[in-house]
Each structure stands twice: as C-alpha cells, then as structure tokens.
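For reference, the structure is listed below as structure tokens.
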2 protein chains.
Amino acid sequence: MKIAILGGTGEQGPGLALRWAMAGEEVIIGSRSQERAEKVAAELNAELGQARIRGLENPKAAEAAEIIALTVPYSAHLSTLESVKAQVQGKIFVDVSVPLDPDNPRRMKMPPAGSATEEAQAFLGPETKVVAAFQNVSSHLLRDPQHAVDCDVLVCGNDAEAKKTVMSLVAKMGLHAYDVGPAESARVVEGLTSILIRLNIRYKVKGAGIRLTGLPR
Amino acid sequence: MKIAILGGTGEQGPGLALRWAMAGEEVIIGSRSQERAEKVAAELNAELGQARIRGLENPKAAEAAEIIALTVPYSAHLSTLESVKAQVQGKIFVDVSVPLDPDNPRRMKMPPAGSATEEAQAFLGPETKVVAAFQNVSSHLLRDPQHAVDCDVLVCGNDAEAKKTVMSLVAKMGLHAYDVGPAESARVVEGLTSILIRLNIRYKVKGAGIRLTGLPR
C-alpha cells in the first residue's frame, strides 16, 4: 500500500516510515519542505539498504498515497489538515497527533472538538475516514528497528473498515492493535500520551508504553 | 490502617474490602443502609474465615476510618460526597468513581470539573487529600482472591504524600501502582475505564486491564 507520512521528518514519522518500509510498504515522507523530505527519505533508505521511501511536499505526498498518516506536532495540526484537505478526500487518514499543552508536555490541552482525531474528522468532512493510532508508541523505540516495541496500539475512528485496514498495517510492524471504538475514544488514547511522557520524565526513560491485558491477542 | 469503603456493597467495593482485609487492614464497608453494609461485611468475613470487616452507614464509616475510598456508581457521586464531607476533612480520600454515560457505559460523560476526582477535590476542599486509584481494575477479578489481577493501578492526585500512602495500599494487594501525576490526570485514568468496558463487551470477557511497559517495576 502507498502510505504518506505527513510531517514525516519529525519525531514519530521516521520510525513509522522505516518499519512500514521494512514490511514491504511503499512510503512517502511528506514535509513542508520537499528538500527536507528528500533528505530524511535518503537517510532512511540508506539505513534500509534499499530505496522504498521517497520525499515530497505534504500535499503531493497526500495526493500520491492511498493512506495518509499525520505526525506533525499539534501546533501544526490544523494548518497541515488545511494544506491537504483536497488530496485526502475519500481516503484513510491516520491521525497520530497529540494535543499536548505547548507549555507543559505532561499535560493535555484538548481542542474544542474533544480530541485531535475528532477535530480532523470534523475538518476533513465525512468522505475522509479518520482513524487514530500510534499516539502511545515511543518514537524512540519505533525509530530503532533493532528494538522490540513493547506497546499495544489503540485504534479508534468512526469507520469500521478503515480501522481494519489500519489495524492490519499495525500488525505488519509486528505490533498488536485493538479497536477501542469511535473517534471519541481518542480523548483517552491521545490523553494517555501525556501520562506516558510524564512517566518517561519521572523514570528517566524513553520508552514507556502500555499493554492491554485479559484480552485475546 | 482503618479503611472505609463507601458504597462498599456495590461492584468494586467488596473486592477491595476482601483484598485489603486479606492483607491485614481493618476495613469498614459503608452503605446508605447499615443493614446492607453489615450483610455484605458478614458475607466477606465468612469468606475470609475471620472478622476483619464491619459494616456501617457511610458517614459513620467515614468518621471511623483514616482512609476513605469511594466506589459508588457515578450517579451517586455528589450526594455521597455531600453525606461525608464533614467526616473526611483532613483525611485521604480515594476516589474510584468513573463518570460513565448512564445511557452507554462504553462512553464517558465527564463532569464540568474535568473528572470525578477533580470534582471530589473541589467539593471536599483543600484539607482533604483526594487520590484517584483502582478505576481500571476489573471488579470481577478483584472479587475473586484466587485470581491474580493482571492490571497496574494508575494513581493520581495533588498531594504527593497521600499518593504514596495509597500506592503502598495498592502494593499490599500485590498490585503495582504508578504515580501518573496530579488530579487532572484522572481525566485519562477514568476515561480508560470506558475503553476497558468496551473491550470487555467486544471480546465477551470480564477482566480487560492495562499494564505499563518500559518502566521499572
């Protein structure tokens, strides 16, 4: 599948790109700057030992892909959505954003829509299937393919089929996904990230995560 | 330590009472009805094989205890707080409440304060140390002492010493507690419960829980 990762030069993007490319997916790193996108793509390809990742400006990346993931810092959430609104219509849009308080990343500052995911769904309109995923996965662990990621992926959104597609993309990375309900559940899923950041700071680690228990895997 | 469990005849109360009593704590089941409190206490004592648990009306239970836990359904949250406000002043108050949507327990219906925990802290005033805990632990597993509880306990609140005391009471049950920050974190911790309920329903199980990963235990 062709997957664009908008803001793919940031924290969470390169790790997702690398792990999807390793699983055989075709990945496009999106950025506001084509040059930066190409630079990160080249670095990741060098690491992979093959050219599975290319770099494009965000709107062109979204245009070229079937599935679009958004991994920008929350401050760029709405402006990035605006820049690709036309290109993502009818597609699956994976929102990885977390509305952290810019003054304190251990706190959330939820948008009026309730969560970034709900905000994206409202902004992009009903034709685009917004799915939340990967917010709780440590970018640090994700970026190091030698390292197992000890974290489940909570997936939510209003379109059941779109969630299934995203869950299969989670499985391709070797991670386990659980469908935790509609877009509204993203209030909790996004919020969990601030708690994991808080625990990372408190325990001086970089890979706090969660596992669900008592459920079939 | 003398622990009162208000609403202790309900879902989460008996399991907490049993496990604390097994760990040697002195437990008082609180209820609106003294008769009902005594009945549940007697049943639990029979199960324990010794009389470590007694039953009292909520205000008397709160009066007699050093630590007060609240396990009523959210619909009785404010009225129960009101009934024990005088008796809990200066003490540690463990809020286990979860503001589920009465029309759909897979959804949250958060109070204006942000969470039940913040509501309790605001209502009881600064002299009472409100700590959130145990919301994510399956009442089903908790109630069966033969069954290990595969779930971490996320503890939050604004008083660091009170959190430490509650965390030691979690440890006495054989569970692991993590301090996840101030009372505001309860928005996420309480919210997680609706997601676990959703997963219990979807997978037809009764014991979905969470574990934190990547952290020292």
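Computed over chain A with a Gaussian network model linking Cα atoms closer than 10 Å, the most mobile of A:Ile28, A:Ile201, A:Ile67 is A:Ile201. Both chains summed, the buried accessible area for A and B stands near 2700 Å², from protein heavy atoms and a 1.4 Å probe. Is any residue of the stretch B:134-160 close enough, with backbone N under 16 Å, to a label point placed 7 angstrom from the Cα of B:Arg217 along the Cα-Cβ axis, and if so, which? Hits in the stretch B:134-160 for B:Arg217 at 16 Å: B:148-154.
Here r is the Cβ-Cβ distance between A:Ala64 and A:Ser168 and R0 is 25 Å; the resulting FRET efficiency, rounded to 0.05, is 0.75.
The modelled label-to-label distance between B:Ala148 and B:Ser79, using points 7 Å beyond Cα along the C-beta direction, is 4.1 nm. For B:Gln89 and B:Ala160, the difference between the fully extended length at 0.36 nm per residue and the C-alpha to C-alpha distance is 23.8 nm.
For the stretch B:175-217 versus the stretch B:139-167, the spacing of their alpha-carbon centroids is 11 Å.
Can you give the Rg to Rh ratio of the protein assembly as shown, both from alpha-carbon atoms, with Rh computed by the Kirkwood formula?
1.03
In vacuo Debye scattering of the stretch B:50-185, one point per C-alpha: log10 I(q)/I(0) at q = 0.13 Å⁻¹? Each listed q corresponds, in turn, to -0.56. Extents of the stretch A:1-129, taken as max minus min of Cα coordinates on every principal axis and listed largest first, are 44, 34, 25 Å. Of B:Ser139, B:Ser185, B:Ser168, which is the most mobile in a GNM of chain B whose springs link Cα atoms less than 10 angstrom apart? Top of the fluctuation ranking is B:Ser168.
What separates the B:His147 label point from its copies, with the point 7 Å along Cα to Cβ, is 3.6 nm, written shortest first. Using the beta-carbon distance between A:Leu48 and B:Ile201 and R0 = 56 Å, what value does 1/(1 + (r/R0)^6) give for FRET efficiency, to the nearest 0.05? Working from the Cβ atoms, E equals 0.85.
Per DSSP H run of n ≥ 4, the term is -39500 (n - 2.57); total these for chain B, divide by its residue number, and report the mean residue ellipticity at 222 nm rounded to 500 deg cm²/dmol.
My calculation for chain B gives -12500 deg cm²/dmol from helical runs alone.
Diffusion coefficient of the stretch A:24-86 by Stokes-Einstein, Kirkwood radius over Cα pairs, 37 °C, 0.692 mPa s: 273 µm²/s.
Rounded to the nearest 5, the antiparallel percentage of DSSP beta bridges internal to chain B is 15%.
The local environment of B:Pro145, defined by Cβ-Cβ distances under 11 Å, has a net charge of 0 under the rule Lys, Arg +1 and Asp, Glu -1. GNM remark for chain A: springs join alpha carbons under 10 Å apart, and the peak mean-square fluctuation among A:His147, A:His176, A:His77 falls on A:His147. Above 19 Å, the calculated P(r) of the stretch B:143-206 contains 43 percent of its Cα-Cα pairs.
Available extension along the chain between B:Asp101 and B:Gln34 is 21.3 nm, counting 0.36 nm per residue and deducting the alpha carbon span.
The Cβ shell under 14 Å around A:Leu48 holds other residues with a net charge of -1, Lys and Arg each +1, Asp and Glu each -1.
Ordered by solvent-accessible area of protein heavy atoms (1.4 Å probe), largest first, the residues B:Lys163, B:Lys91 come out as B:Lys91, B:Lys163. Net charge of the neighbourhood of B:Ala64, taken over other residues with C-beta under 12 Å away and scored Lys/Arg +1, Asp/Glu -1, is 0.
Which entries of B:Lys109/B:Lys164; A:Lys2/A:Lys39; B:Lys109/B:Lys172; A:Lys109/B:Lys172; B:Lys39/B:Lys204; A:Lys2/A:Lys163 have Cα-Cα distances beyond 24 Å here? In this structure, B:Lys109/B:Lys164; B:Lys109/B:Lys172; A:Lys109/B:Lys172; B:Lys39/B:Lys204 exceed 24 Å between Cα atoms.
The values are calculated or read from the model by the stated rules, or taken from the named source; none is laboratory data. These figures come from a predicted structure and were not determined experimentally. Counting neighbours? That spans all protein chains shown, and the Cβs are built from the backbone with ideal geometry, glycine included. For accessibility, only protein heavy atoms count, side chains too; no ligands or nucleic acids. Shrake-Rupley method; radii C 1.70, N 1.55, O 1.52, S 1.80 Å.
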